[in-house]
1. Any residue at all in region 29-40 that's aliphatic (A, V, I, L, M) and in a helix (DSSP H, G or I)?
2. Given the structure, is Asp53 in contact with a strand residue (DSSP E or B) (Cβ under 9 Å, 6 or more places away or on another chain) and among the acidic types (Asp, Glu)?
3. Limited to region 41-75, what total is found for residues that are closer than 19 Å to Glu12 by Cα and in contact with a Gly (Cβ under 9 Å, 6 or more places away or on another chain)?
4. Yes or no: region 41-53 includes at least one residue that is part of a helix (DSSP H, G or I) and not hydrophobic (A, V, I, L, M, F, W, C).
5. If I filter region 12-22 for residues that are of a type outside the set (Ser, Thr, Tyr) and not in a loop (DSSP other than H, G, I, E, B), do I get at least one hit?
6. Answer yes if at least one residue in region 59-74 is outside any loop (DSSP other than H, G, I, E, B), of a type in the set (A, V, I, L, M, F, W, C), without any contact (Cβ under 8 Å) to a residue 12 or more places away in the chain and under 17 Å from Asn4 (Cβ atoms), and no otherwise.
7. Return yes or no: is Ile25 modelled with pLDDT under 90 and among the β-branched types (Val, Ile, Thr)?
8. Any idea how many residues of region 26-38 are surrounded by 12 or more Cβ atoms within 10 Å (Cβ to Cβ), more than 12 Å from Trp8 (Cβ to Cβ) and not basic (Lys, Arg)?
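The values are calculated or read from the model by the stated rules, or taken from the named source; none is laboratory data. Keep in mind that this is a model prediction, so the values were computed, not measured. Note: ideal-geometry Cβ built from the backbone for every residue, glycine included; neighbour counts use all protein chains shown.
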Amino acid sequence: MKNNVVYWLISEDGKRTYVGSSNDIKRRIEEHKNKKVTSTKNFGKLKGCILEDFCSLVEARHREKYWKSAAGRKK
């Protein structure tokens, strides 16, 4: 069974972050590492990944939307 997760990626210099959601986190992280994601291809090395698990991808996407909002960014 695949996990439904929200994840944060942090650039090696710590100045840039990316929030995403996926139901196949291993595949998605590989896409980021292999520079196949436009939003993170210029991040350089990624030093961190923080995950939150959810029962469904719908819940994960809702949480992702929160983290991308002004209230989520403040936290």
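1. Scanning region 29-40 turns up at least one residue that is aliphatic (A, V, I, L, M) and in a helix (DSSP H, G or I).
2. yes
3. Final tally of qualifying residues: 2.
4. No, every residue in region 41-53 fails to be part of a helix (DSSP H, G or I) and not hydrophobic (A, V, I, L, M, F, W, C).
5. Looking through region 12-22, at least one residue is of a type outside the set (Ser, Thr, Tyr) and not in a loop (DSSP other than H, G, I, E, B).
6. no
7. yes
8. 2
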